[in-house]
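The structure under discussion appears below in the form of structure tokens.
The values are calculated or read from the model by the stated rules, or taken from the named source; none is laboratory data. No experiment lies behind these values; they were computed from the predicted model shown. Cβ placement follows ideal geometry from the backbone for every residue including glycine, while neighbour counts extend to all protein chains displayed.
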Amino acid sequence: MWASGTSEPGSVTGHEAFTYLGKDVTFHGILTSDGNVRIDGHLEGELHSTGTLTIGAHAVIRGNITAGILVTSGNINGTVIASEKIKILNPGTLIGNIRTPAISIEAGAHFHGLSDMGLDSQLAGQFRVKRETYATGRT
């Protein structure tokens, strides 16, 4: 990631400050960061980041996550709330409920749970009107 100039999709690059939990590290508790975070190890507890949270292919997360953007190719078991988007990359697995306005799941990745994409009230009202129109046959 550092010397080659290439990196995993969604990884943190450049001179941005970020928090890194290495492959050989196990963390129990609550991890909070106002910036970008990359996890390659094991975390049990809660993880809160306002920036981009990148979960590496060998990472295992057991607990709830809040982030701006979540990009994962690891194993997550818990509730995830992302204010911008969630990307699940191959060979990633996410087991749990999610709330985010946008989600993408790469071929070979797995998601098991419920998703809430936050349909806003104006769109929900338009959908309800169209549904009632089709049900009654009136336009």
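Some observations on this one:
- Taking the numbered list (1) hydrophobic (A, V, I, L, M, F, W, C); (2) under 18 Å from Leu114 (Cβ atoms); (3) crowded, with 21+ Cβ neighbours inside 10 Å in turn, Leu43 passes all entries but (2).
- Any chance Ala82 is closer than 19 Å to Gly113 by Cα, part of a strand (DSSP E or B), in contact (Cβ under 8 Å) with a residue 12 or more places away in the chain and touching an Asp or Glu at 6+ places or on another chain (Cβ under 9 Å): no
- Residue match in region 85-93 (condition: among the hydrophobic types (A, V, I, L, M, F, W, C), part of a strand (DSSP E or B) and more than 17 Å from Thr19 (Cα to Cα)): yes
- Filter result (at pLDDT 95 or above and either among the polar types (S, T, N, Q) or assigned to a strand (DSSP E or B) (or both)) within region 33-48: Asn36, Val37, Arg38, Ile39, His42, Leu43, Glu44, Gly45, Glu46, Leu47, His48
- Leu89 being in contact (Cβ under 8 Å) with a residue 40 or more places away in the chain and in contact with a Gly (Cβ under 8 Å, 6 or more places away or on another chain): yes
- The conditions of being touching a Lys or Arg at 6+ places or on another chain (Cβ under 7 Å), at pLDDT 95 or above and either on the phi < 0 side of the Ramachandran plot or aliphatic (A, V, I, L, M) (or both) are not met by Ser73.
- Candidate set: region 64-86, residues that are crowded, with 17+ Cβ neighbours inside 10 Å and in contact with a Pro (Cβ under 8 Å, 6 or more places away or on another chain); chosen: the one farthest from Leu53 (Cα to Cα): Ser73
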